[in-house]
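These notes concern the structure reproduced below.
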Amino acid sequence: MNPLDLFQNLKNDVLLVYKEHHPYFQGTWKTFSSQDIQNLIELIEIKVKQTVSEKWIYTHLKPETNDKLPRKDMLNILSQLVGFSSWDEYVFKHKIVVTELHTEEMKSNKNKIIWFTGLLVLTAISAFVFYNLIYENDNVHSLEVKDSYTNDKINMGDIKATIVNDSSEIPVEIINSELQIKIKDSIKVVINSPFYEEKEIMVTNTHPHPNIVLEPNDYAMMLKGFMKSDIKDWQTRKEQLDKILSDDLEVIVMLKNNLGAEYFNKEEFSEKLIIPSASLKKMKVLEIKNQANKQINFIRIIQQ
C-alpha cells in the first residue's frame with residue numbers, strides 16, 4: 001500500500017470517528033457540508049488540541065482522490081484524531097497489517113476466490129430482491145425553496161436540509177439549486193438557514209411539496225444587508241445595529257489559514273459593520289441565534 005493509499009485509508013478512518021460523534025451524519029466526504037466541516041474542526045480542537053482550516057479540509061479531505069500527500073504535520077493531526085501517536089505510527093501499523101493479510105492471502109488464495117465469488121453472487125441477488133421489494137415505488141422529487149415575501153428562489157448556499165427520522169439525520173442533496181429527495185412513503189424534512197426561520201415539512205408521494213416557502217428572520221436579513229451593502233450613512237447604520245443586536249451579543253469568526261477564531265462583543269462587532277470593507281463582504285454567516293424579543297445574541301461567521 002503506497003502513501004496515497006494509506007492517506008485514503010486515513011480519510012476513511014477520520015470519517016468513521018466523525019460519525020461516532022455525529023451519528024446523524026451518514027454521508028461521505030462528497031456530502032460533507034460546511035456545517036459538518038465546522039463540527040470536524042471543533043472535534044479536532046477538542047481531541048487533538050490542534051486547528052485545521054476549512055480550506056485545508058476542502059482541498060485534502062473532500063476530494064474523492066488525492067494527487068499528492070498533505071504536509072506531515074497535518075497527517076500527524078489526523079492520525080492522532082483516529083487514535084495513533086503520529087503519521088509514522090499509522091503507516092507502520094498499517095504496513096504490518098497489509099503484510100500479514102498478504103501472507104494469509106497467499107496461503108488460502110483458492111478458498112478466498114471461492115468465498116468471494118459466492119459473496120458476489122449473494123450480493124447481486126440480495127440487491128435485486130431489495131430493490132424490487134423495497135424501492136420499486138420510490139420517487140425522486142425536486143423541491144424549490146423560496147422566500148415567502150419576494151417569492152424568489154433562496155440561495156442554496158444559505159440552506160441546510162436534512163431528512164430526519166427516529167435515529168438519524170441525512171443531508172439532502174442539492175442539484176441545480178433544488179432539493180432532490182427520494183421518497184418511498186413519507187419523510188420528514190427539516191430546513192435550516194441563518195437568515196430564515198426553521199421549517200419542518202412532511203413530504204409524501206401524494207403531497208411532494210413542489211415549492212417550500214421560508215419566512216425570513218427580519219433581523220438576520222438586516223444584518224446580511226449591512227455586511228453586503230455599501231451604505232455610507234454610518235450613523236443610521238449604528239442606530240439600526242443597536243436595535244437588532246443584543247447587549248450580550250457574542251460573535252465567533254473562524255479565521256482562514258488555520259489561524260483559529262476571533263471573538264467579538266456587540267461594541268466590537270458593530271464597529272466592524274459601521275464602515276463597509278472588502279474583508280467584511282467576504283465573511284459568510286453560518287449561524288444566527290435570536291432572543292425571545294428577536295434581538296440577535298449569537299453569530300458564527302467564517303472568513304472566506
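Miscellaneous remarks
Results for (1) of a type outside the set (Asp, Glu); (2) surrounded by fewer than 18 Cβ atoms within 10 Å (Cβ to Cβ); (3) in contact with a Lys or Arg (Cβ under 7 Å, 6 or more places away or on another chain), shown as yes or no for each residue.
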position: ASP5; (1), (2), (3): no, yes, no
position: LEU10; (1), (2), (3): yes, no, no
position: LEU16; (1), (2), (3): yes, yes, no
position: GLY27; (1), (2), (3): yes, yes, no
position: SER34; (1), (2), (3): yes, yes, no
position: ASN39; (1), (2), (3): yes, yes, no
position: LEU43; (1), (2), (3): yes, no, no
position: GLU54; (1), (2), (3): no, no, no
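- Among the candidates VAL52, VAL14, residue that is assigned to a helix (DSSP H, G or I) and in contact (Cβ under 8 Å) with a residue 60 or more places away in the chain: VAL14
- Selection of first residues in the range 256-281 that are closer than 17 Å to MET222 by Cα and of second residues that are of a type outside the set (Phe, Trp, Tyr) and assigned to a loop (DSSP other than H, G, I, E, B), restricted to Cβ pairs under 6 Å at least 6 apart or on distinct chains, gives the following pairs, ordered by first then second residue: PRO276/ASP230.
Quick grid of which residues meet (1) under 28 Å from LEU179 (Cα atoms); (2) modelled with pLDDT of 90 or more; (3) assigned by TED's automatic domain parsing to the domain that holds VAL285; (4) within 24 Å of the chain's Cα centre (by Cα):
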position: VAL14; (1), (2), (3), (4): yes, yes, no, yes
position: ILE41; (1), (2), (3), (4): yes, yes, no, yes
position: THR65; (1), (2), (3), (4): yes, no, no, yes
position: LEU69; (1), (2), (3), (4): no, yes, no, yes
position: ASN76; (1), (2), (3), (4): no, yes, no, yes
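Per-residue answers, yes or no, for (1) at pLDDT below 75; (2) surrounded by 11 or more Cβ atoms within 10 Å (Cβ to Cβ); (3) aliphatic (A, V, I, L, M); (4) under 30 Å from PHE84 (Cα atoms):
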| site | (1), (2), (3), (4) |
| --- | --- |
| GLU104 | yes, yes, no, yes |
| VAL121 | yes, no, yes, no |
| ASN137 | yes, no, no, no |
| SER148 | no, yes, no, no |
| LYS153 | no, yes, no, no |
| ILE159 | no, yes, yes, no |
| SER177 | yes, yes, no, no |
| VAL190 | no, yes, yes, no |
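- Residue that is surrounded by the fewest Cβ atoms within 10 Å (Cβ to Cβ), among those in the range 58-93 that are of a type in the set (A, V, I, L, M, F, W, C) and not in a helix (DSSP H, G or I): LEU69
- Applying the condition of being at pLDDT 85 or above and over 22 Å from ILE301 (Cβ atoms) to the range 192-204 and asking which residue is surrounded by the fewest Cβ atoms within 10 Å (Cβ to Cβ) yields GLU200.
- Qualifying residues in the range 289-304 (those that are over 12 Å from TYR219 (Cα atoms) and surrounded by fewer than 15 Cβ atoms within 10 Å (Cβ to Cβ)) - the one nearest to the chain's Cα centre (by Cα): GLN304
- VAL91 vs. criteria closer than 30 Å to MET202 by Cβ, at pLDDT below 90 and aliphatic (A, V, I, L, M): no
- Residues in the range 235-258 include at least one that is within 13 Å of LEU280 (Cβ to Cβ), modelled with pLDDT under 80 and surrounded by 12 or more Cβ atoms within 10 Å (Cβ to Cβ).
- Filtered by the rule that a residue be among the basic types (Lys, Arg) and farther than 17 Å from GLN303 by Cα, the range 230-285 gives LYS232, ARG237, LYS238, LYS243, LYS266.
The values are calculated or read from the model by the stated rules, or taken from the named source; none is laboratory data. Note that the structure is a prediction, hence the values are computed from the model and not measured. No Cβ is skipped: glycine too gets one built from the backbone with ideal geometry, and neighbour counts run over all protein chains shown.
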